[in-house]
There are 2 protein chains.
Amino acid sequence: MKIISNKKKLAEFVDNEKNLGFVPTMGAIHSGHASLINKSIASCSKTIVSIFINKPQFNKKIDYKNYPRKRIKDILALRKLKIDYLYLPTSKQIYPSGHNKNIKISSFSKKLCGKNRPGHFKAVVDVVQRFIKIIKPAKIFLGEKDMQQLKIIDHFIKKNHIKTKVIGCKTIREKNGVACSSRNFLLSNQEMKFASSIYKYISKNKKKLIKGKIQIKNLRSKIIKLGADKIDYFELININKIIKPYKSKKKYKIFVAYFLGKTRLIDNI
Amino acid sequence: MKIISNKKKLAEFVDNEKNLGFVPTMGAIHSGHASLINKSIASCSKTIVSIFINKPQFNKKIDYKNYPRKRIKDILALRKLKIDYLYLPTSKQIYPSGHNKNIKISSFSKKLCGKNRPGHFKAVVDVVQRFIKIIKPAKIFLGEKDMQQLKIIDHFIKKNHIKTKVIGCKTIREKNGVACSSRNFLLSNQEMKFASSIYKYISKNKKKLIKGKIQIKNLRSKIIKLGADKIDYFELININKIIKPYKSKKKYKIFVAYFLGKTRLIDNI
């Protein structure tokens, strides 16, 4: 595993790589990342992982400050996973002349996480397209846990006729059902138990919700009872309608974002 | 041949076309365009030609105003060439919220035509990338007569990891040697004869120039004697050095731009 921080040096390694797989991360590597990385290694000639905590996509300074940072553990974990390159850029390398706020992205960005996180998805797309320009990967691997992010990035890449193919990968869950996330590192043991109960409760009731046998407001109040401190959103969405080129057999998805203490978790089921 | 002006309608036709060839033009179709179109038809499943006189790339209003406009003749010529789609967008369709002056392009844009045409290449790249986003072609066919433009577009497409492949096509010349150009429509018979003599003179002396047996200043004054009213530039360039990913066996090229009356002609030999 080669660790590279300079983009010009990186270019020497990756510019002639025809089938490069790219897994962008903000670090705090977990089983979800490992699954993306293993998919990339299996289908690409070389795999590059980036760790970059992208400040512009955080709406609150405190959220950026508290975001888990585990640089040494991450490097050891990535070495074990046998990736080829680890890209650790500085902020200046990514934003030589600042963050681009005028980027045009899918209107899907206004829903769900976009409602209470203004500018979040623009900043995500901006940083991803910057990485794509530097790395020029054949494939980029993104987790379905962040379904909205995945679809917005896919839409941007197709719209801009960019060469990189977006590979969406199934959500990986802890044994207790909670979707793997770097933010899970911020949870206490009790909060982890709450998250597990909430996931199990939603899973158990999803069919009833789709069939109209239970109402969203009932699920919301139950989630609060199960330990959530606040619900950001809880929505049943026909994804085939909202995300145009998307055709899933299971057309309904429950999208949820809620707080456990100061930690905001998202999931889609 | 389907004629389409609306980009949403266009999307219906081209969005699922896997091997679409695209020839962008500003109209006044000539044998150079025909050569690009024939190459596209030979190597692509469908061929789309656009006619759009891109105002932002003109530095002088008078040059924009005088640019040859031959809409009816063009349509008849393109129908004869058996293209699949002719895209005739309005300015609003291409620039719904104005022209992007902040686009980043190759530093090669500062040389040759870039010296006396500030902003010209940025405007060219901006419009080409807008067309690429709308049309999403597998290949774009560009003439080597506009070598600098070709290389700057190729650089931008590679740098931005865009899916479209740039196909550079040899310059097509009139029987008298003059490179085919829409601007030739603006020449009088006498000016056309001047242009022919200038081309022949440069061709005859190119080896002497490379070997240092003749000096540039001598060629320049001879070109004026042959009828040119003004020389914009006359340069011998090692293109393998200036254009980084470019490796040509014939590494030297003479780049010339000069005026015949109000008409500015360019060529590279």
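Taken together, the values in this text are just the output of simple stated rules run on the coordinates, not laboratory data. These figures come from a predicted structure and were not determined experimentally. Here the Cβ positions follow ideal geometry from the backbone for every residue, glycine too, while neighbour counts run over all protein chains shown.
Length gain on complete extension for the stretch A:Tyr64 to A:Ser5, per 0.36 nm per residue less the alpha carbon to alpha carbon distance?
Numbers: separation 59, 0.36 × 59 = 21.24 nm, distance 2.12 nm.
Stretched out fully, the A:Tyr64 to A:Ser5 stretch lengthens by 19.1 nm.
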Completion exercise
Looks like the stretch A:164-269, by Cα gyration tensor root eigenvalues a ≥ b ≥ c and the a/c under 1.5 rounded cutoff (else prolate when a/b is bigger than b/c, oblate otherwise), is oblate
Practice task
Against the globular-protein guess of 2.2 N^0.38 Å, express the Cα radius of gyration of the protein assembly as shown as a ratio, rounded to two decimals.
Solution key: 1.18
Completion exercise
At 20 °C and 1.002 mPa s, the Stokes-Einstein diffusion coefficient in µm²/s for the stretch B:1-159, with hydrodynamic radius from the Kirkwood sum on alpha carbon pairs, is 133 µm²/s
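By average Cβ neighbour count within 10 Å, what is the ranking of B:79-87, B:58-66, A:68-76 from highest down? Walk me through the intermediate numbers first.
On the way: B:79-87: 17.6, B:58-66: 12.8, A:68-76: 14.7.
Packing order, densest peptide first, comes out as B:79-87, A:68-76, B:58-66.
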Handout entry: Given charges at beta-carbon only (K, R positive; D, E negative), |dipole| of the stretch A:2-169 in Debye
Key = 360 debye
Handout entry: Label 7 Å beyond Cα on the Cβ vector: B:Lys60 copy-to-copy distances, nm
Key = 6.1
Problem - chain A pair-distance distribution - Cα-Cα, 10 Å bins, rounded % - result: 6, 28, 37, 22, 6, 1
Problem - the stretch B:175-224: trypsin sites (Lys or Arg not before Pro) in DSSP loop, at most 14 other beta carbons within 10 Å - result: B:Lys175, B:Lys211, B:Lys213
Practice task
Would you please give the residues with an amide H less than 5 Å from that of A:Lys165, counting only those at least 5 places away or on a separate chain, with H modeled from the backbone geometry?
Solution key: A:Lys139, A:Ile140
Problem - Amide hydrogen neighbours beyond the local backbone of A:Ala28, cut-off 5 Å, H modeled - result: A:Lys70
Fill in the blank from the handout: Along the stretch A:218-226, Karplus-curve 3J(HN,Hα) (6.51, -1.76, 1.60; θ = phi - 60°) to the nearest Hz, with x for Gly and Pro, reads 5, 4, 4, 5, 5, 4, 4, 4, 7
Handout entry: Average beta carbon contacts from partner chains per residue of B:158-166, 10 Å cutoff
Key = 5
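For the pairs B:Lys9/B:Lys158; B:Lys111/B:Lys159; B:Lys139/B:Lys206; A:Lys7/A:Lys170; A:Lys39/A:Lys204, note any where the Cα-Cα span goes beyond 24 Å. All intermediate terms of the calculation are to be shown ahead of the outcome.
Numbers: B:Lys9/B:Lys158 28 Å; B:Lys111/B:Lys159 19 Å; B:Lys139/B:Lys206 33 Å; A:Lys7/A:Lys170 30 Å; A:Lys39/A:Lys204 30 Å.
Table pairs above 24 Å Cα-Cα are B:Lys9/B:Lys158; B:Lys139/B:Lys206; A:Lys7/A:Lys170; A:Lys39/A:Lys204.
Taking a 24 Å limit on the Cα-Cα distance, which of the listed pairs A:Lys115/A:Lys175; A:Lys133/A:Lys165; A:Lys249/B:Lys136 fall beyond it? Kindly include the intermediate steps, with their values, before the conclusion.
Values: A:Lys115/A:Lys175 31 Å; A:Lys133/A:Lys165 14 Å; A:Lys249/B:Lys136 28 Å.
Correct reply: A:Lys115/A:Lys175; A:Lys249/B:Lys136.
In whole Å and largest first, what semi-axes does the C-alpha gyration tensor of the stretch A:165-226 yield when each eigenvalue is scaled by 5 and square-rooted?
Details: eigenvalues 106, 70, 16 Å².
One finds semi-axes of 23, 19, 9 Å for the stretch A:165-226.
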Exercise for the section: Determine the dipole magnitude for the stretch A:182-268: charges of +1 sit on the beta-carbon of Lys and Arg, -1 on that of Asp and Glu, nothing else is charged, the reference point is the Cα centre, and the result goes in debye to the nearest 20. Expected result: 640 debye
Practice task
For B:Lys159, put the label point 7 Å out on the Cα→Cβ axis and report which residues of the stretch B:92-115 keep their amide N under 11 Å from it.
Solution key: B:103-110
Practice task
Could you work out how far apart the two model spin labels at A:Lys241 and A:Asn176 are, taking each label as a point 7 Å from the Cα in the direction of the beta carbon, and quote it in nm?
Solution key: 3.6 nm
